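First up is the structure itself, then whatever we jot down about it.
The values are calculated or read from the model by the stated rules, or taken from the named source; none is laboratory data. Values in this document were obtained by computation on a predicted structure and should not be read as measured data. Methodologically, a virtual Cβ is constructed for each residue, glycine included, from the backbone with ideal geometry; neighbour enumeration extends over all protein chains shown. In case anyone asks, the SASA skips ligands and DNA or RNA and just uses the protein heavy atoms, side chains included. Shrake-Rupley method; radii C 1.70, N 1.55, O 1.52, S 1.80 Å.
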Amino acid sequence: MIIPRRKTIRHRSGPPPGPAPSEPPRRPRRLQGRTGRWLLIVGLSGGLVLVGARGGLRAAKVDLDPVRNYRPSLTTTLHADDGRVIAEFYRENRRLTPLDRIPRLLQDAFLAAEDATFRHHRGVSYRAIIRAMVANLRAGRVIQGGSTITQQLVKLLLLSPKRTFSRKLREVRLAYALEKKLSKDHILFVYLNHIYLGHGAYGVATAAENYFRKPLAKLNLAEMALLAGLTRSPGHDSPPDCLAQRTKRCRPSRGCDPSRPAWLERVRRTCARRARQRQLLVLGRMLKNKFITPDQYRQAKQTVVTIWPRRSKFQTFAPYFAEYVRRYLVKKYGRELVETGGLEVHTTLNVALTRAARRAMDLGLRAYDQRHGFRGPMVRPTPAAMKKWAATRTDAGFAPDQLRLARISGYDPKTREFAARIGAVRVVIPYRRWQWARRLDRDFTPPAYKRRRRKGGRPLHKGDLVLVRLLSKDKNGIWQGHLSQELMTKPRPEVHAALVSIRAGTGHVKVLIGGRSWQVTQLDRATHPGSIRQPGSAFKPFVYATALSQGFSPGSTVVDEPVSYPHRGRTETWKPQNYDHKYLGPITLRRALKHSRNVPAVKVLVAVGPKKVAA
């Protein structure tokens, strides 16, 4: 800035005055107002133009291999025998999708959200840079970015995310070089497969599956706009991630309580509103850039979008089997290839048989648990369970075989039936459905309940909270229930089970279950070396198979009676016994195997010879 020279005042009469008193030097004034802001914008823009012009001179020295030969970290998928995906192993959950399989409307949604002139510029859009500078200066903070999709890709794959002026200059140079060496389609293909979109999803294909449980081809315009709106800040604009972050930061001192349904509902609405604003912004930009028609815009605004919670396929289908296969793959191919190589692994597991086996195991464990006696009513149910129980007004959503929390409301000594309520819903527990509870669990019943049972014979009293398995509903709307005790409720017997089903002839493993529940224990009792146990009755088919090969037939008779065998070199004798301590007399081999009788199996083993059975 030019400071005007101070004028010298001459007097008409008398000598000239003495030297003027010294004044402090004046500092140049700072750029203020709109003029200063525009000068700053023009100066920075001119600098970027010069830097961009020099970017082409250094294009030959840039290593563009991470973009040219794009090899991201991919998801390894595990398939069942029908092709269904039952597990996924990854560091970054990503499935590589060619650009021709990504809908053009979805591409346009991302272009409208991030770089509408992507197909026309040469790597850098100075109009976007100036527009962002003006918006940021007006707001007094950074609210917009002027980077193109090419610049964003350079930052993600070739540079660090540090916000420095030197990094920005390198980003501009590399963006020019990238546009010279690679096509627009290849740059967009890498960008749409590499970006993180929240909800644990990298790339558009995984995001569509995680948010909407749909393939890309089945997305509607409203869902596409929602995905495109997440690129700015996935952690804040994604409704599930927004809710998770706010819940994590929540403290009672800040006046929030995640256990309150009202607070959770308010936060859900806030997070949904943020995503809705971004969605409408993308739709508006698509309309402005003529990517969609006004009719499409109005229809997309009225479309209701449903976001699903993340689903762990690993825990849903066959966690013990999937973990067994994962360990095998890591041992054979290495952890790096399994977690980043995007392998497609096809297995012999059958999902339908696995579900049936899991139900059978659950019923067996419950029956085992009940045979050992009743442990009493629930003493301290969780607050969430109590709130859900108290809020039940109707039996909407109730179905047979469901397990529900109920409060005992009365007892009829004539019919020996317990009356209970699930909120406002009435339940009756007949005598035959609670008779098993007369017996106490000696090892896991609380002492307080044992003392109470000594005073009265009934296992339940008014006000007790118990678990009831619903059976059926009569014409009066009253449910019939079966008194149950959940294995997950403490104190519980530490009882587990393992089940393996192998197809004879091929050796294909169709079912492998290593425990009662993966959430309770991850120890695989089917394959872990520490879980080796005696085969028990599972060895009897080998005994009878050997007998059949030695001339016996299924109709051959063996006497089921007490027997003893002397120990070799000892004075003691071994007396095998049946499980029920009863003996059936003469019995066929077919019936002995069907009822798993111990004494007939021992007699057949002695008759054919232990060495032949072992062979």
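Quick notes
- Residue within segment 232-248 that is part of a loop (DSSP other than H, G, I, E, B), farther than 20 Å from residue 198 by Cβ and touching a residue at least 40 places away in the same chain (Cβ under 8 Å) present: no
- Number of the condition not met by residue 213 [criteria: (1) open to solvent by 20 Å² or more (accessible area, probe 1.4 Å); (2) in contact with a helix residue (DSSP H, G or I) (Cβ under 8 Å, 6 or more places away or on another chain); (3) closer than 21 Å to residue 105 by Cα]: (2)
- Filtered residues of segment 341-357 (kept if surrounded by 16 or more Cβ atoms within 10 Å (Cβ to Cβ) and assigned to a helix (DSSP H, G or I)): 351, 354, 357
- Only one entry in 567, 581, 508, 528 is without any contact (Cβ under 8 Å) to a residue 40 or more places away in the chain, under 28 Å from residue 356 (Cβ atoms) and open to solvent by 70 Å² or more (accessible area, probe 1.4 Å), namely 528.
- Residue in segment 317-333 that is more than 25 Å from residue 512 (Cα to Cα) and either open to solvent by 60 Å² or more (accessible area, probe 1.4 Å) or touching a residue at least 24 places away in the same chain (Cβ under 8 Å) (or both) present: no
- Residue that is modelled with the highest pLDDT [pool: residues in segment 50-81 that are open to solvent by 70 Å² or more (accessible area, probe 1.4 Å) and part of a helix (DSSP H, G or I)]: 68
- Matching residues, segment 180-200, being assigned to a helix (DSSP H, G or I) and open to solvent by less than 30 Å² (accessible area, probe 1.4 Å): 187, 188, 190, 191, 192, 193
- When we screen 471, 460 for residues that are hydrophobic (A, V, I, L, M, F, W, C) and over 39 Å from the mean Cα position of the chain (by Cα), the only hit is 460.
- Note on segment 82-121: residues that are among the β-branched types (Val, Ile, Thr) and in a loop (DSSP other than H, G, I, E, B) amount to 3.
- For segment 358-400, a residue qualifies if it is of a type in the set (Gly, Ala, Ser) and either part of a helix (DSSP H, G or I) or surrounded by fewer than 17 Cβ atoms within 10 Å (Cβ to Cβ) (or both), and the qualifying residues are 360, 364, 367, 384, 385, 390, 391, 396, 397, 399.
- Restricting attention to segment 425-447, the residues being without any contact (Cβ under 8 Å) to a residue 60 or more places away in the chain and either part of a strand (DSSP E or B) or open to solvent by 50 Å² or more (accessible area, probe 1.4 Å) (or both) number 9.
- Qualifying positions in segment 419-455 - of a type in the set (A, V, I, L, M, F, W, C) and farther than 15 Å from residue 376 by Cα: 419, 420, 422, 424, 425, 427, 428, 429
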